[in-house]
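Pasting in a structure now, in structure tokens, and then I'll have a few things to ask.
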Amino acid sequence: MAGKVIGIVSPKGGVGKTTVASSLGVLLAKEHEKPTILVDMNYHTPNVFHYLGLDRHPELTTNLNKMLKLSSPHLSTFCSHSSGLHVVPTSIDFHGEKNISTDRLRRNLNNLKQRYDYVILDSPPGIGKTVKQVIGVSDDVVVVTTPDTPSVISTVSAIRLAKALNTNHHVIINKATGHKYELRKGEVEKMLNASVIGEIPFEFNVMSSAFKGMPATYSSNGFKNHMGRISEHVTGEIYSEETFFERLTNLFRL
Ligand SMILES: Nc1ncnc2c1ncn2[C@@H]1O[C@H](COP(=O)(O)OP(=O)(O)OP(=O)(O)O)[C@@H](O)[C@H]1O
Ligand SMILES: [Mg+2]
């Protein structure tokens with residue numbers, strides 16, 4: 001069976017797309033043990049390589065080119081993260097082709113879908129051409145928002161597009177602090193007319209893992225469990241939270 005393409009989008013910048021995309025990728029590869037690849041579609045301001053600590057990977061600047069030239073599902077291997085997640089990172093030094101047609105992108109993704117159960121696309125902010133492509137080629141779109149009115153209002157455009165393109169879509173609320181001026185899950189669902197599949201709290205540990213080039217699932221167990229529950233919506237499979245003993249063992253393994 002062909003794999004599933006999951007697009008992580010948000011018109012608003014900085015709400016946590018790359019944090020969610022990289023953590024979901026790591027979780028699917030490591031905990032669900034599914035062949036998974038993460039593609040950085042943010043050609044102009046790429047971040048995936050940094051969030052996964054791939055800054056010095058020798059193939060960093062060539063991987064996107066490789067994917068775009070991919071004509072056979074057996075052709076190439078990509079960057080590999082220690083979690084087992086494969087990655088097509090983009091580098092700030094990437095000078096290759098950035099104007100890719102939707103047909104070509106779809107063809108390349110179809111090839112990846114033969115090799116991977118999950119292909120995750122980390123999208124740029126806004127609602128420009130690449131974001132429209134991501135929403136159009138994805139089987140499932142996860143729209144990330146923070147729980148403030150401006151962010152939720154700008155999210156409407158992504159939801160409308162997903163509806164117009166008939167793409168299955170869900171919403172994640174990220175960086176929730178529980179402050180009284182924040183919108184609640186029910187209010188966000190009403191404003192967007194879409195279901196919220198996860199509410200992730202604001203946590204300094206999540207920020208610090210980005211600083212260290214480490215997936216946030218490694219530095220916050222709470223964040224990992226939130227992502228685990230989100231992964232259940234994507235995979236349709238149960239995610240079992242780590243026991244205290246497993247957590248302790250994994251701490252020593254890192
Ligand atoms: N739950 C969270 N708690 C605290 N900080 C977070 C959380 N999620 C993300 N962040 C931080 O917010 C910042 C922006 O996150 P991220 O780069 O994932 O956003 P983005 O939507 O991908 O941004 P862009 O639109 O620029 O691509 C980073 O510093 C990240 O560590
Ligand atoms: Mg990003």
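The values are calculated or read from the model by the stated rules, or taken from the named source; none is laboratory data. Given the structure is predicted, the values throughout are model-derived calculations rather than measurements. Because the Cβ atoms are built from the backbone with ideal geometry, glycine has one as well, and the counts that use them run over all protein chains shown.
Among the residues of segment 188-201, are any closer than 25 Å to Val5 by Cα and within 16 Å of ligand 2 (Cβ to nearest atom)?
Within segment 188-201, one or more residues are closer than 25 Å to Val5 by Cα and within 16 Å of ligand 2 (Cβ to nearest atom).
Restricting to segment 30-58, name every residue that is surrounded by fewer than 24 Cβ atoms within 10 Å (Cβ to Cβ) and within 19 Å of Glu237 (Cβ to Cβ).
Result: Lys30, Glu31, His32, Glu33, Lys34, Pro35.
For segment 66-147, give me every one of the strands (runs of 3 or more DSSP E) that falls completely inside it and has 1 or more residues that are modelled with pLDDT of 95 or more.
By residue number, 118-122, 140-145.
Under 7 Å by Cβ, and 6 or more places apart or on different chains, what pairs join a residue from segment 220-239 that is under 11 Å from Ile172 (Cβ atoms) with one that is assigned to a loop (DSSP other than H, G, I, E, B)?
Pairs found: Arg229/Tyr239.
Next up: I need a count of the residues in segment 160-214 that are part of a loop (DSSP other than H, G, I, E, B) and more than 21 Å from the chain's Cα centre (by Cα).
Qualifying residue count, segment 160-214: 9.
Does segment 38-56 contain at least one residue that is modelled with pLDDT under 85 and touching a Leu at 6+ places or on another chain (Cβ under 8 Å)?
There is at least one residue in segment 38-56 that is modelled with pLDDT under 85 and touching a Leu at 6+ places or on another chain (Cβ under 8 Å).
Among the residues of segment 112-136 satisfying the criterion of being of a type in the set (Val, Ile, Thr) and in contact with a strand residue (DSSP E or B) (Cβ under 8 Å, 6 or more places away or on another chain), which is surrounded by the fewest Cβ atoms within 10 Å (Cβ to Cβ)?
Val131
Can you tell me how many residues in segment 1-29 are away from ligand 1 (no atom under 16 Å from the Cβ), crowded, with 21+ Cβ neighbours inside 10 Å and outside any strand (DSSP E or B)?
Number satisfying all stated conditions: 2.
If only one of Val171, Val206 is β-branched (Val, Ile, Thr), touching a Gly at 6+ places or on another chain (Cβ under 9 Å), closer than 25 Å to Tyr116 by Cα and within 16 Å of ligand 1 (Cβ to nearest atom), which one is it?
So the residue among Val171, Val206 that is β-branched (Val, Ile, Thr), touching a Gly at 6+ places or on another chain (Cβ under 9 Å), closer than 25 Å to Tyr116 by Cα and within 16 Å of ligand 1 (Cβ to nearest atom) is Val171.
Let me ask you something else. Here's a check for you: in segment 43-58, which residue that is closer than 20 Å to Val134 by Cα and among the hydroxyl-bearing types (Ser, Thr, Tyr) is nearest to ligand 1 (Cβ to nearest atom)?
Across segment 43-58, the extreme among qualifying residues is Thr45.
Working carefully through the options Glu182, Glu189, find the one that is among the acidic types (Asp, Glu), surrounded by 15 or more Cβ atoms within 10 Å (Cβ to Cβ) and within 16 Å of ligand 1 (Cβ to nearest atom).
That would be Glu182, the only listed residue that is among the acidic types (Asp, Glu), surrounded by 15 or more Cβ atoms within 10 Å (Cβ to Cβ) and within 16 Å of ligand 1 (Cβ to nearest atom).
From the list Ser231, Ser220, Ser208, exactly one residue is of a type in the set (Ser, Thr, Tyr), surrounded by 13 or more Cβ atoms within 10 Å (Cβ to Cβ) and more than 23 Å from Lys34 (Cα to Cα). Which is it?
Being of a type in the set (Ser, Thr, Tyr), surrounded by 13 or more Cβ atoms within 10 Å (Cβ to Cβ) and more than 23 Å from Lys34 (Cα to Cα) holds for just one of Ser231, Ser220, Ser208, which is Ser208.
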